[in-house]
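First, the structure itself, so that you have it in front of you.
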Amino acid sequence: MYVDSHCHLDFPELSSRLDEILATMRADRVDRALCVSVTLEDFPRVLALAEAHPHLYASVGVHPDHREAREPDVATLVALADHPRIIAIGETGLDYYRTEGDPAVLNGWQRERFRVHVRAARATGKPLIVHTRSAADDTLAILREQGADAVGGVMHCFTETWEVARAALDLGFFISLSGIVTFRNAEALREVARRVPLERLLIETDSPYLAPMPHRGKPNEPGFVRHVGEFLAALKGIETEQFAQITTENFDRCFKILRG
């Protein structure tokens, strides 16, 4: 059985057909998924999904792309994370991709927001879900500066170099790969995937985005994480059942889930 370590089931593209999506998960042998928060305003919807469905988990955090969102503080994140269905802090991090001008000047607010999330993670003992785009050096610097190795977490939807992956691994983070790794033009990412140790690898959809082959161009959903798993199992040269078991165990270790 597979686990989708990052999805957005509260987004309208998916929430409007939730029953169908959950049925597809079962059919594709995806038995659990982590629904990830991107704003405090939408957090209640994310938590409600996890409370209503025992095979769904949730996180709390504010994405770096949402400048207009309510700004989090450590106390708020800690309070909201005090719930058995909340297993992570995030999605947080840095995204300079759309910045016009000097990111060192224009993105100071992102860096401070990121620091707030790391402090909340340390206060709760819950791992971080980290988004980084065109900002790897600053992302790693803040993780080190704030002592994120004390809690670890996951570098989600990873698309960076092996050097960045190795630095994140050294900080105790897992590397999560999405459907991007199946794209024809993603050979550089596949080379990174070959080098990431199996025991530190997660898989995700980031649905409704980034559907893997053979569904590219369609809305993504958690059931499709099976295709990411099958692709990576072949890339790693192991049986799909073994890969599914390893990445499921990795998910439980990363997010500190105890299962009987």
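With (1) open to solvent by 10 Å² or more (accessible area, probe 1.4 Å); (2) within 20 Å of the chain's Cα centre (by Cα); (3) over 25 Å from L258 (Cβ atoms); (4) not polar (S, T, N, Q) as the list, and E68 as the residue in question, which single condition is left unmet?
Status for E68: all satisfied but (2).
If you don't mind, there's one more thing I want to ask. Please determine whether any residue of the range 222-234 is assigned to a loop (DSSP other than H, G, I, E, B) and either of a type outside the set (F, W, Y) or open to solvent by 10 Å² or more (accessible area, probe 1.4 Å) (or both).
Pass one, the range 222-234, residues assigned to a loop (DSSP other than H, G, I, E, B): none.
Scanning the range 222-234 turns up no residue that is assigned to a loop (DSSP other than H, G, I, E, B) and either of a type outside the set (F, W, Y) or open to solvent by 10 Å² or more (accessible area, probe 1.4 Å) (or both).
Residues checked against (1) of a type in the set (G, A, S); (2) modelled with pLDDT of 95 or more; (3) touching a Phe, Trp or Tyr at 6+ places or on another chain (Cβ under 8 Å):
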residue: A186; (1), (2), (3): yes, yes, no
residue: P222; (1), (2), (3): no, yes, no
residue: R226; (1), (2), (3): no, yes, yes
residue: N250; (1), (2), (3): no, yes, yes
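Follow-up. Any residue at all in the range 81-95 that's at pLDDT 95 or above, open to solvent by 40 Å² or more (accessible area, probe 1.4 Å) and not in a loop (DSSP other than H, G, I, E, B)?
no
Right, another one. Checking the conditions here, which among T205, T182, T240 is over 23 Å from L140 (Cα atoms), touching a helix residue (DSSP H, G or I) at 6+ places or on another chain (Cβ under 7 Å), open to solvent by 30 Å² or more (accessible area, probe 1.4 Å) and of a type in the set (S, T, N, Q)? I'd like the intermediate steps shown before the answer.
Numbers: T205 fails: open to solvent by 30 Å² or more (accessible area, probe 1.4 Å); T182 fails: open to solvent by 30 Å² or more (accessible area, probe 1.4 Å).
Result: T240 is the single residue among T205, T182, T240 that is over 23 Å from L140 (Cα atoms), touching a helix residue (DSSP H, G or I) at 6+ places or on another chain (Cβ under 7 Å), open to solvent by 30 Å² or more (accessible area, probe 1.4 Å) and of a type in the set (S, T, N, Q).
State all residues of the range 44-65 that are open to solvent by less than 10 Å² (accessible area, probe 1.4 Å), farther than 13 Å from S15 by Cβ and free of Cβ contacts under 8 Å to residues at least 40 places away in the same chain; if no residue qualifies, say none.
Kept after step one, since they are open to solvent by less than 10 Å² (accessible area, probe 1.4 Å), are these residues of the range 44-65: 46, 50, 56, 58-62, 64.
Applying the additional criterion that residues be farther than 13 Å from S15 by Cβ yields 50, 58-62, 64.
Listed by number, the residues that qualify are A50, A58, V60.
Could you check how many residues of the range 61-79 are touching a helix residue (DSSP H, G or I) at 6+ places or on another chain (Cβ under 8 Å) and at pLDDT below 95?
First, pick out the residues of the range 61-79 that are touching a helix residue (DSSP H, G or I) at 6+ places or on another chain (Cβ under 8 Å): 61-62, 64, 67, 71-74, 77-78.
This time we only want the ones that are at pLDDT below 95, so: 64, 67.
Total meeting the criteria: 2.
Considering only residues of the range 18-52 that are among the hydroxyl-bearing types (S, T, Y) and touching an Asp or Glu at 6+ places or on another chain (Cβ under 8 Å), which is farthest from H66 (Cα to Cα)? Give the steps one after another, and end with the answer.
Within the range 18-52, the first condition is being among the hydroxyl-bearing types (S, T, Y), and the residues that meet it are 24, 37, 39.
Subset that is touching an Asp or Glu at 6+ places or on another chain (Cβ under 8 Å): 24, 37.
Details: T24: 30, S37: 12 Å.
Among those residues, the one meeting the criterion is T24.
Considering each residue of the range 190-202, count those that are surrounded by fewer than 21 Cβ atoms within 10 Å (Cβ to Cβ) and more than 20 Å from V3 (Cβ to Cβ), and give that number.
Looking only at that region, the number is 4.
Something else about it: When only residues in the range 1-43 that are out of contact with any strand residue (DSSP E or B) (no Cβ under 9 Å at 6 or more places or on another chain) and open to solvent by less than 50 Å² (accessible area, probe 1.4 Å) count, which is nearest to I129 (Cα to Cα)?
As a first pass, look at the range 1-43 and keep what is out of contact with any strand residue (DSSP E or B) (no Cβ under 9 Å at 6 or more places or on another chain): 12, 15-20, 23, 26-27, 39, 41-42.
The next check asks that each one be open to solvent by less than 50 Å² (accessible area, probe 1.4 Å); those that pass are 18, 23, 39, 42.
On the way: L18: 24, A23: 26, T39: 14, D42: 17 Å.
Looking at residues that are out of contact with any strand residue (DSSP E or B) (no Cβ under 9 Å at 6 or more places or on another chain) and open to solvent by less than 50 Å² (accessible area, probe 1.4 Å), I get T39.
Residue by residue through the range 9-43, note down the ones that are in contact with a Phe, Trp or Tyr (Cβ under 8 Å, 6 or more places away or on another chain) and closer than 19 Å to P84 by Cα.
Hits for the range 9-43 are D31, R32, A33, L34, C35, S37.
Right, next: Please specify each residue of the range 100-123 satisfying the condition of being modelled with pLDDT of 95 or more, more than 16 Å from R67 (Cα to Cα) and open to solvent by 40 Å² or more (accessible area, probe 1.4 Å).
R119, R122, A123
Of the residues P212, P219, which is buried (at least 22 other Cβ atoms within 10 Å of the Cβ) and outside any helix (DSSP H, G or I)? Break it down into steps so the answer makes sense when it comes.
On the way: P219 fails: buried (at least 22 other Cβ atoms within 10 Å of the Cβ).
Matching residue, one of P212, P219: P212.
Also, I was wondering about something else. Please tell me if A135 is more than 13 Å from the chain's Cα centre (by Cα), in contact (Cβ under 8 Å) with a residue 12 or more places away in the chain, closer than 20 Å to G90 by Cβ and open to solvent by less than 10 Å² (accessible area, probe 1.4 Å).
On the way: more than 13 Å from the chain's Cα centre (by Cα): yes; in contact (Cβ under 8 Å) with a residue 12 or more places away in the chain: yes; closer than 20 Å to G90 by Cβ: yes; open to solvent by less than 10 Å² (accessible area, probe 1.4 Å): yes.
Yes; evaluated as a whole, the condition is true for this residue.
The values are calculated or read from the model by the stated rules, or taken from the named source; none is laboratory data. Please read these numbers as outputs of a predicted model, since none were measured by experiment. Neighbour counts are summed over all protein chains in view; Cβ atoms, including those assigned to glycine, are modelled from backbone coordinates with ideal geometry. To get the accessible areas, we keep the full protein, side chains included, count just its heavy atoms, and leave off ligands, DNA and RNA. Shrake-Rupley method; radii C 1.70, N 1.55, O 1.52, S 1.80 Å.
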